[in-house]
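No lab work stands behind these numbers, since they all come straight from the coordinates. Please read these numbers as outputs of a predicted model, since none were measured by experiment. Don't worry about glycine lacking a Cβ; one is built from the backbone with ideal geometry, like all the others, and counts go over all protein chains shown.
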Amino acid sequence: MREFSGQPLSREVLSGLLWAGFGINRPENAHRTAPSAMNSQEIDVFVAMPEGVFTYDPMANELNLVLSGDVRAKTTAQAFATNSAAVLVFVADFAKQTKARPESKERYATFDAGCIVQNIYLYCASEKLGAVVYDLDQKAMGEVLKLRPDQRVIMAQAVGVPK
């Protein structure tokens, strides 16, 4: 699905999508809807929309503004990103992987992000939304997001109402 209508998602749908992706479903121990190697919970979900870039706060199930302005086109040269309601950028925070061996951190983060992506695909299917996961210039996007040296962009996923 690479053709989106440009229609925004309702707050309810966006909230449900993010919760399904990597929200907290066991509040007694803050465990999430997707697995995380050694329970590191090292993936942060950045949400790029026309009005800005936000980070998803799973404890409050809300978005926090990080950067004003539309950066969706900076994630890819393909039109689907700018026509999507949102581009989710999955960022690994290696500082959170305190139990992992250094040589395993990137592999674990990629696996964990993939599980979140799959949850989002399932949610999108249930809501008749479209989604496409894609690679992007990780270094350039890291600069746009002003990431720390121990953070790294893993992948992106555009979501929205099909055209």
Checklist entry - Mind checking the angle between helix 105-126 and the chain's longest principal axis? C-alpha axes, 0 to 90 degrees, to the nearest 10. => result 40
Checklist entry - Which one of Y56, T98, S5 is farthest out on the positive end of the charge dipole of the chain, using unit charges on Cβ (Lys, Arg +1; Asp, Glu -1) and the Cα centre as origin? => result T98
Checklist entry - Cβ under 13 Å from S5's Cβ, S5 left aside: what net charge do those residues give with Lys, Arg +1 and Asp, Glu -1? => result +2
Checklist entry - Given segment 94-163, what whole percent of its Cα pairs are spread farther than 15 Å? => result 62
Checklist entry - Per residue of the chain, what 222 nm ellipticity follows from adding -39500 (n - 2.57) for every DSSP H run with n ≥ 4, rounded to the nearest 500? => result -8500 deg cm²/dmol
Checklist entry - What dipole magnitude, in Debye to the nearest 20, does segment 11-160 give about its Cα centre under +1 on Lys/Arg Cβ and -1 on Asp/Glu Cβ? => result 240
Item to check | Approximate shape of segment 11-160 as ellipsoid semi-axes (Cα gyration tensor, √5λ), whole Å, largest first | outcome: 22, 19, 14
Checklist entry - Among A30, S84, G16, whose Cα lies farthest out toward the positive end of the dipole of segment 11-160, if unit charges sit on the beta carbon of Lys, Arg (+1) and Asp, Glu (-1)? => result A30
Next on the checklist: Rounding to the nearest 10 and keeping the result within 0 to 90°, find how far the Cα-based axis of helix 11-22 lies from the longest principal axis of the chain.
Outcome noted: 30
Checklist entry - Using +1 on the beta carbon of Lys and Arg, -1 on that of Asp and Glu, and nothing else charged, what's the dipole of segment 1-52 about the Cα centre, debye to 20? => result 120
